1. Assuming R0 = 35 Å, can you tell me the calculated FRET efficiency for the pair D137 and L44, based on Cβ-Cβ distance, to the nearest 0.05?
2. Of (1) 9, 35, 33, 13, 5, 2, 1, 0; (2) 8, 27, 33, 21, 9, 1; (3) 10, 32, 33, 20, 5, 0, which is the value of P(r) over Cα pairs in 10 Å bins from 0, in percent derived from the coordinates here?
3. With the full set of protein chains in place, find how many percent of the accessible area of the chain is carbon and sulfur; take the probe as 1.4 Å.
4. Whose amide H sits under 5 Å from the amide H of S77, counting only residues 5 or more places off or on another chain, with H placed in the peptide plane?
5. May I ask you to derive the relative contact order of the chain, considering only C-alpha pairs under 8 Å and at least 6 residues apart, and to give it as an integer percent?
6. Let me have the 222 nm mean residue ellipticity of the chain computed from DSSP H runs of 4+ only, each contributing -39500 (n - 2.57), with the sum over all residues rounded to the nearest 500.
7. Hey, got a sec? Which trypsin sites (Lys or Arg not before Pro) in segment 112-144 land in a DSSP loop and have at most 15 other Cβ atoms within 10 Å?
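The values are calculated or read from the model by the stated rules, or taken from the named source; none is laboratory data. Computed from a prediction, not measured in an experiment: that's the story for all the values here. Note that each Cβ is placed from the backbone with ideal geometry, even for glycine, and that neighbours are counted across all protein chains shown. Just the protein is used for accessible areas: all its heavy atoms, side chains included, with ligands, DNA and RNA removed. Shrake-Rupley method; radii C 1.70, N 1.55, O 1.52, S 1.80 Å.
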Amino acid sequence: MLTADGPALLECNARFGDPETQVVLPRLAVALGPLLLAAARGALGPVAGAHGGVAPALPGAAVGIVLAGGAYPAASSRGDRIAGLAEAQGQGALVFHAGTRRRADGTFETNGGRILTVVGRGASLADARDAAEDAADAIVFEGVHRRHDIASGAVPVGAVR
């Protein structure tokens, strides 16, 4: 979060279902499996060491926007048809399902609080944000709620002192 005193980290979740991970993993420039296997074997040093101690990232940026039910976090949204998934993916966005359920006809409906995470990618943070916003705009369900300030006014990489 950007504060008057500069950027501050509130939390950093890294479970595979968390939006933070859904934004970071698509930027990974190497296969995730060998990294996980090396970590499980306690041999991550040689793998990560080859890349300066961190896994290499693809160039560019990624921004994720969570689409939640209108009453989230107080209540879950259930049974509302979700439209626009194919359109969002057709724009190049990654769409991660969280609180969804597939209907018998193959369409999806809401089934939770945080329904979807839409990840846009681009050459710059502004491009990635625009891609995420455009793709999120394509997805519609009853009571859809999201923040519109994600990555707005973000500090460019290297600008933090």
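1. Result of the calculation: an efficiency of 0.30.
2. Correct label, based on the coordinates given: (3).
3. Heavy-atom surface of the chain belonging to carbon and sulfur, 1.4 Å probe: 57 percent.
4. G69, G112, G113
5. About 24 percent, as a whole number.
6. For the chain, the value works out to -7000 deg cm²/dmol.
7. When the trypsin sites (Lys or Arg not before Pro) of segment 112-144 are filtered for loop state and at most 15 Cβ neighbours within 10 Å, nothing remains.
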